[in-house]
Amino acid sequence: MHEQSNDPLHGVTLEQIVNRLVDYFGWEELGQLINIRCFNSNPSVKSSLKFLRKTPWARKKVEELYILKYKNMSIWGESKSQ
């Protein structure tokens, strides 16, 4: 038998996390929640991933926000407008 991981980040890539947060919040609100340049100045998934992979403190903030939303949302496919 395989044990289930209780880690909400298990099996989720950083790219999936960023895309889901952007889908849910949009770049503007995400940039307000986590005030980093890659979210506020000409944002893109590619530039954000490059920055987050090099910057552990910023990646931690993104992962913490994802975990917070993950625990409070029943289905990640939902957007705020639904």
Here the residues within the stretch 65-82 that are part of a helix (DSSP H, G or I) and either modelled with pLDDT under 55 or surrounded by 11 or more Cβ atoms within 10 Å (Cβ to Cβ) (or both) are Leu65, Tyr66, Ile67, Leu68, Lys69, Tyr70
Pair list, Cβ < 7 Å and 6+ apart or interchain, from the stretch 30-50 residues that are among the aromatic types (Phe, Trp, Tyr) to residues that are at pLDDT 95 or above:
Phe39/Trp27; Phe39/Leu30; Phe39/Gly31; Phe39/Ser48
Is there a residue in the stretch 32-42 that is under 11 Å from the mean Cα position of the chain (by Cα) and either at positive phi or modelled with pLDDT under 95 (or both)?
no
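The values are calculated or read from the model by the stated rules, or taken from the named source; none is laboratory data. Everything quoted here is computed from the prediction, not taken from an experiment. So basically every Cβ, Gly included, is an ideal-geometry build from the backbone, and we count neighbours across all protein chains shown.
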